[in-house]
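A.B. asks: I'd like to ask you about the structure that follows.
The values are calculated or read from the model by the stated rules, or taken from the named source; none is laboratory data. Small disclaimer: the values here were computed from a predicted structure and weren't measured. Note that we place each Cβ from the backbone using ideal geometry, even for glycine, and neighbour counts take in every protein chain shown. Side chains are part of the model used for accessible areas, which takes the heavy atoms of the whole protein and leaves out ligands, DNA and RNA. Shrake-Rupley method; radii C 1.70, N 1.55, O 1.52, S 1.80 Å.
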Amino acid sequence: FTSEGEVCLTVEKIAGDEGISGSSLIELKTAALLHDVGFTVDHREHEKRSCEIARNILQNYNYEEDQINAICKMIMATKLPQSPKDQLSKILCDADLYYLGGVDYDKYGERLFEEFMANKIIHSREEWIVLQVDFLKSHKYFTRSARKANNKQKKKKLDELQKKAKSLN
């Protein structure tokens, strides 16, 4: 649960580490900026709505159809469970959930908890903790650089949450 600007900065970092530049980087950054804009329309299908919005906007900025398709492919890959099929989509997916292994996990986690409560996706802090344990257990970073930067801290956070979950029983 990070802002598009933060995801875009993280995309730049990972792309640099992974050797991505030029027009591919522009498409990747565009996808990062637009990947969650669909939340303004539809919480459950926001990736699909983000693509619709991207298609409407980007044609006015001289993006070619194949570029728009590539951007939408990246955006759709961020739908949980994430399913990136190419390197650019893997970078966007990793940037989108980079916070899971970062020092700001608690800050973003709390925002996401509040959003889930407001949307009645969960109904208690206890339910949230169990959900986060399950999510962190199943989550994998797709790029070498994100794994290297984040897996250690993500494991620490998982251990901490598992202790909290056990204390609930």
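A.B. asks: Given a 10 angstrom Cα cut-off, can you work out which residue in Ala118, Ala149, Ala32 is the most mobile in a GNM of the chain?
C.D. replies: Between Ala118, Ala149, Ala32, it is Ala118 that shows the largest mean-square fluctuation.
A.B. asks: With charges set only on the Cβ (+1 for Lys and Arg, -1 for Asp and Glu), what does the dipole of the chain come to about its Cα centre, in debye to the nearest 20?
C.D. replies: Roughly 900 debye, rounded to the nearest 20.
A.B. asks: Got a number for carbon plus sulfur as a percent of the chain's accessible area, 1.4 Å probe?
C.D. replies: 53
A.B. asks: What's the center-to-center distance, using Cα atoms, between the range 131-169 and the range 10-25 in Å?
C.D. replies: 25
A.B. asks: Working with all protein chains in place, sort Tyr61, Tyr108, Tyr98 by solvent-accessible area computed with a 1.4 Å probe, largest first.
C.D. replies: In descending accessible area the options line up as Tyr61, Tyr98, Tyr108.
A.B. asks: Identify which of Asn119, Asn60, Asn69 has the largest mean-square fluctuation in a Gaussian network model of the chain, with springs joining Cα atoms closer than 10 Å.
C.D. replies: Its mean-square fluctuation being the largest, the pick is Asn60.
A.B. asks: So what is the 222 nm mean residue ellipticity for the chain from helices alone, if each DSSP H run of at least 4 adds -39500 (n - 2.57) and you divide by all residues, rounding to the nearest 500 deg cm²/dmol?
C.D. replies: -22500 deg cm²/dmol
A.B. asks: Along each of its three principal axes, how wide is the spread of alpha-carbon positions in the range 73-140, in whole angstrom units, largest first?
C.D. replies: 37, 25, 19
A.B. asks: Could you put His123, His43, His139 in order of accessible surface area, largest first, with the 1.4 Å probe and the full protein assembly present?
C.D. replies: His123, His43, His139
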